[in-house]
1. Just to check your reading of the model, which residue among Thr286, Thr273, Thr256, Thr277 is closer than 30 Å to Asp427 by Cα, modelled with pLDDT of 85 or more and in contact with a Phe, Trp or Tyr (Cβ under 6 Å, 6 or more places away or on another chain)?
2. Restricting the range 44-73 to residues that are among the small types (Gly, Ala, Ser) and in contact (Cβ under 8 Å) with a residue 12 or more places away in the chain, which is nearest to Phe12 (Cα to Cα)?
3. Condition first: modelled with pLDDT under 90 and either charged (D, E, K, R) or touching a Cys at 6+ places or on another chain (Cβ under 9 Å) (or both). Now tell me which residues in the range 412-437 satisfy that.
4. Go through the range 345-371 and give me each residue that's modelled with pLDDT of 80 or more and either within 17 Å of Val307 (Cβ to Cβ) or in a loop (DSSP other than H, G, I, E, B) (or both).
5. Answer with yes or no whether Leu41 is touching a residue at least 40 places away in the same chain (Cβ under 8 Å), closer than 20 Å to Arg71 by Cβ and not in a loop (DSSP other than H, G, I, E, B).
6. Looking only at residues that are assigned to a strand (DSSP E or B) and in contact with a Leu (Cβ under 8 Å, 6 or more places away or on another chain) in the range 372-387, which one is surrounded by the most Cβ atoms within 10 Å (Cβ to Cβ)?
7. Quick check: anything in the range 282-300 surrounded by fewer than 16 Cβ atoms within 10 Å (Cβ to Cβ) and part of a helix (DSSP H, G or I)?
Amino acid sequence: MSAAQDDDVQEFAASLRRLKDRTDRSYGQLARRLNMNTSTLHRYCAGDAVPLDFAPVERFAALCEATPEERLELHRRWILAVAARQRSRTAAPPATGGTDGAPSATEGPPDDSPAPVREEPAPGAPAHRPWYRRRRLLVSAAVATALLATLGSLSALPDDDRSRASDSVQGADPTRTEAADAPGPTSTASSKPSLTTPTPSGGTPTSKKSSVKPTGSADSPSKGAGPRQPPAGLPLTWSANSHVWQAGCGHDYVITKAPQQVPPPPAPQDAETWARTQGAVHGGQTLVKITVQGRTSTAVVLEALRVRVAGRAAPVEGTSYAMDHGCGGALTPRYFDVDLDKDRPIARPADGNDSGTTIPAMKLPYRVSAEDPEVLLVDARTDGCDCGWYLELDWSSQGRTGTVRIDDHGRPFRTTSTKGLPNYAYDTSAREWVPYN
């Protein structure tokens, strides 16, 4: 391989190493995500081998969050490296003469042999080129055609489409890298939106998705060094806890069991597990605490919070069990008030109170980031239905907008009326549930 050909391969390998060094992953971790051997990836980055297909290179660039301009430059360097490898393989080594004194393949005929007669082409006929020159022209034409077609198709796409073009061919999700690092099952992660939302009355599930809607399209990159485009994917994370009690102790659950079959009230931190094992439904009120945080230091603006009712049914026929006997402090945090009995419920900001001191209500839009998280408290109430509902949070960041769905681990939140139901509270001295009015 000539020095120029080796330079093409080494420049391609250096581009791969620069992208790899920007991540905090090892060769083994990247290879597992790319579904290839670690040694193979290391040989690509070291310049010992060049992939014959650009698909693994494109997946590698997407995994390293390369910009559209970096992907175009990487594709150009890959084409040159592949062509250099092919030229080095097809170049035949010079033949040497035999040991028996026979003339070598590169030597001319003996002096006493007649010189070969060269046929002149007929007038107007194309000149005949040797096979190796014809092959070199074909390879050059194919490389130039592929480069021009790629540059033309990618430059005609918006930035977001350019960054997702190769992922859609390979069947990959552009947010998969972020989703793999999302929190575990103890919190409801925004990168795993619900696909189906069963209604409380057992009706047909309704398909719902969290949407990310880019706004506008960026111009083609200029010759100068322009600003780096914002990365694709959801710029924020969130978690929701619907088993929050008023002032830390006041809450009602509706359970279709007799008092003798219901265990004592749990500690507030164990409320979710206790409620699920008893098949309990929030009675009359559901308090949802939502923690929202940006993924980076870049600001994300929370634009609006909407309430969606997935279904209404008749209230649950059961018994209302109170988790308190009037305990609690004088602190009432600010919150969003939701009346589920309205035809079109709206999340209205409400003031809080701390021992007579008003806590101003939270007003949207509101800004969050990785260093500036925010906690939203939603207070949803009903007096006349068994309501299934969820929330939609609109956001904007760096010229992009989107909406995330906030629900109860992929299902709608559920709140049922306690009107007309028998009420019980737990008597700690007698260690049993007693009627409570």
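1. Thr286
2. Gly47
3. Residues satisfying the conditions are Lys419, Asp427, Arg431, Glu432.
4. Pro345, Ile346, Ala347, Arg348, Pro349, Ala350, Asp351, Pro360, Ala361, Pro365, Ser369, Ala370
5. Values: touching a residue at least 40 places away in the same chain (Cβ under 8 Å): no; closer than 20 Å to Arg71 by Cβ: yes; not in a loop (DSSP other than H, G, I, E, B): yes.
No, not satisfied.
6. Going through the qualifying residues, I end up with Cys387.
7. No, because not a single residue in the range 282-300 is surrounded by fewer than 16 Cβ atoms within 10 Å (Cβ to Cβ) and part of a helix (DSSP H, G or I).
The values are calculated or read from the model by the stated rules, or taken from the named source; none is laboratory data. Worth saying up front: this structure is predicted, and the values here are computed from it rather than measured. Every residue, glycine among them, receives a Cβ derived from its backbone with ideal geometry; neighbour counts consider all protein chains shown.
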